[in-house]
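Trainee: Okay, handing you the structure first.
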Amino acid sequence: MSLFGKLFGKGPPPPAPDPEIHDGFAITPAPEKAPGGYRIGAIIEKDGKRHHMIRADVIASEEECVAASLRKARQMIDEQGDRLF
């Protein structure tokens with residue numbers, strides 16, 4: 001890493017979290033930094049298809065946001081199933 005990269009905090013991105021499997025769908029939490037906290041988001045995949053879920057909810061803690069992202073993604077899968085794609 002270059003000197004400027006070290007000074008400005010640029011480094012390799014953090015590793016992606018392991019996906020959770022729910023009803024054959026792979027859910028990878030993907031919270032986004034937002035003013036006041038983190039916005040709920042996740043990537044839902046099945047059979048090569050991918051849906052990027054983003055919600056308006058903002059949660060202060062990143063850990064709580066990851067849990068909420070997984071919960072909302074499971075809810076979407078339960079409600080929509082394969083129609084999600």
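The values are calculated or read from the model by the stated rules, or taken from the named source; none is laboratory data. Please read all numbers here as calculations on a predicted model, not as lab measurements. Here the Cβ positions follow ideal geometry from the backbone for every residue, glycine too, while neighbour counts run over all protein chains shown.
Trainee: Failed condition for ILE21, given (1) surrounded by 11 or more Cβ atoms within 10 Å (Cβ to Cβ); (2) modelled with pLDDT of 95 or more, with all others met?
Mentor: If we test ILE21 against (1) surrounded by 11 or more Cβ atoms within 10 Å (Cβ to Cβ); (2) modelled with pLDDT of 95 or more, just (1) comes out false.
Trainee: Now for a different question. For segment 13-23, which positions are part of a strand (DSSP E or B) and free of Cβ contacts under 8 Å to residues at least 40 places away in the same chain? Before the answer, list the steps.
Mentor: Taking segment 13-23 and keeping what is part of a strand (DSSP E or B), we get 20-22.
If the condition is that a residue be part of a strand (DSSP E or B) and free of Cβ contacts under 8 Å to residues at least 40 places away in the same chain, then ILE21 is the only one that fits.
Trainee: Taking segment 72-85, which residues are surrounded by 13 or more Cβ atoms within 10 Å (Cβ to Cβ) and of a type outside the set (A, V, I, L, M)?
Mentor: From segment 72-85, those surrounded by 13 or more Cβ atoms within 10 Å (Cβ to Cβ) are 72-74, 76-77, 81, 84-85; that's our starting set.
Hits for segment 72-85 are LYS72, ARG74, GLY81, PHE85.
Trainee: Let me ask something else. Select from segment 24-42 the residues that are closer than 18 Å to ARG83 by Cβ and free of Cβ contacts under 8 Å to residues at least 24 places away in the same chain and write down the one among them that is nearest to the chain's Cα centre (by Cα).
Mentor: Within segment 24-42, the subset closer than 18 Å to ARG83 by Cβ is 24-27, 42.
Right, trim to free of Cβ contacts under 8 Å to residues at least 24 places away in the same chain and you get 24, 26.
On the way: GLY24: 17, ALA26: 11 Å.
Once the filter is applied, the top-ranked residue is ALA26.
Trainee: Ok, one more. Quick one: count up the residues across segment 24-33 that are part of a strand (DSSP E or B) and within 18 Å of GLN75 (Cβ to Cβ).
Mentor: Step one: of segment 24-33, the residues part of a strand (DSSP E or B) are 25-29, 32-33.
Right, trim to within 18 Å of GLN75 (Cβ to Cβ) and you get 25-29.
Going through segment 24-33 one residue at a time, the tally reaches 5.
Trainee: Restrict the check to segment 63-76 and report whether at least one residue is farther than 17 Å from GLU20 by Cα and either of a type in the set (Gly, Ala, Ser) or at pLDDT 95 or above (or both). Step through it out loud before you land on a result.
Mentor: We begin by selecting, within segment 63-76, every residue farther than 17 Å from GLU20 by Cα; these are none.
Taking every residue of segment 63-76 in turn, none turns out to be farther than 17 Å from GLU20 by Cα and either of a type in the set (Gly, Ala, Ser) or at pLDDT 95 or above (or both).
Trainee: Something else: Tally time: how many residues in segment 34-66 are assigned to a helix (DSSP H, G or I) and either surrounded by 15 or more Cβ atoms within 10 Å (Cβ to Cβ) or in contact with a Gly (Cβ under 7 Å, 6 or more places away or on another chain) (or both)? So that I can check it myself, show each step before the final result.
Mentor: Of all residues in segment 34-66, those assigned to a helix (DSSP H, G or I) come to 62-66.
Next cut, either surrounded by 15 or more Cβ atoms within 10 Å (Cβ to Cβ) or in contact with a Gly (Cβ under 7 Å, 6 or more places away or on another chain) (or both) only: 65-66.
Of the residues in segment 34-66, 2 are assigned to a helix (DSSP H, G or I) and either surrounded by 15 or more Cβ atoms within 10 Å (Cβ to Cβ) or in contact with a Gly (Cβ under 7 Å, 6 or more places away or on another chain) (or both).
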